[in-house]
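Student: Handing you this structure, nothing more for now.
The values are calculated or read from the model by the stated rules, or taken from the named source; none is laboratory data. Please read all numbers here as calculations on a predicted model, not as lab measurements. All Cβ positions, glycine included, derive from the backbone under ideal geometry; neighbour counts span all protein chains shown. The protein model used for the area step is the full one, side chains on, heavy atoms only, and it has no ligands, DNA or RNA in it. Shrake-Rupley method; radii C 1.70, N 1.55, O 1.52, S 1.80 Å.
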Amino acid sequence: MLIVNRVIPAGRGLASVLLKRAATVELDWDVRQKSRFDATDSHGRAIGVFLPRGTVVRGGDVLVAEDGSLLAVSAAPQPVLLVRHCSEHGTPFDLLRAAYHLGNRHVALELKPDHLKLEPDHVLADLLRQMHLIVSEERSAFEPETGAYASGAHAHGHQHGHGHGRDHDHGHDHAHGGPAHDHTHDQAAQDHDHGHPHHAHHGHGHEH
């Protein structure tokens, strides 16, 4: 098995001739948001990927194996919901409003000037149709926005995700109470014994 432990975002700094010669690996979003996974490249080689926790791989990135081999990543087509505003009865503002409501639900969302993309969910599809938006199913590459779903852009500053579909061992029950996500604790409240060790926030450096 070819072991991969490094990723070069968008292949920056690599000569184009090297990229043309590189093997390719096609991965959907569910795989690319993990830091540990197995795959098969275009040469039929089994690869084991071991990246830093919280790493998200994007289409166009280049994986680097321990032996120096390069693997160009492409985003595999997958089922998605395509959301557009109704040209007859709506406006582009309808998409902005939909993106706001989906963001409050922590939905992985790809934003485009004239449409939104999200993973299939019949409840969300019904909600969007009630907002007078046009929702259709198709297969295409899915590249949701960064932020809570990408390493380095996570608002909490520590290097593990909060269970957004990735294989992170999150050792404490850290309830997310909705879109406000307010962690402003009074110091006196922190100093008393909560009685349940899994609620300890000390040392994480939450800066909101």
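Student: Which of the residues that make up segment 1-25 are surrounded by 14 or more Cβ atoms within 10 Å (Cβ to Cβ) and of a type in the set (D, E, K, R)?
Tutor: Answer for segment 1-25, where residues must be surrounded by 14 or more Cβ atoms within 10 Å (Cβ to Cβ) and of a type in the set (D, E, K, R): just ARG6.
Student: I'm trying to understand the selection: among the residues of segment 75-103, which are among the polar types (S, T, N, Q) and open to solvent by 60 Å² or more (accessible area, probe 1.4 Å)?
Tutor: First, the residues of segment 75-103 that are among the polar types (S, T, N, Q): 78, 87, 91.
Within segment 75-103, SER87, THR91 qualify.
Student: Could you grab me the full set of residues in segment 49-69 that are out of contact with any helix residue (DSSP H, G or I) (no Cβ under 6 Å at 6 or more places or on another chain), open to solvent by 10 Å² or more (accessible area, probe 1.4 Å) and not charged (D, E, K, R)? Working first, answer last.
Tutor: Narrowing segment 49-69 to residues out of contact with any helix residue (DSSP H, G or I) (no Cβ under 6 Å at 6 or more places or on another chain): 49-56, 58-59, 63-69.
Narrowing further to those that are open to solvent by 10 Å² or more (accessible area, probe 1.4 Å): 50, 52-53, 55-56, 58-59, 64, 66-69.
Across segment 49-69, the qualifying residues are PHE50, PRO52, THR55, VAL56, GLY59, VAL64, GLY68, SER69.
Student: Something else: Exactly one of these conditions fails for PRO79: (1) part of a loop (DSSP other than H, G, I, E, B); (2) under 30 Å from ASP126 (Cα atoms); (3) in contact (Cβ under 8 Å) with a residue 60 or more places away in the chain. Give me its number.
Tutor: (1)
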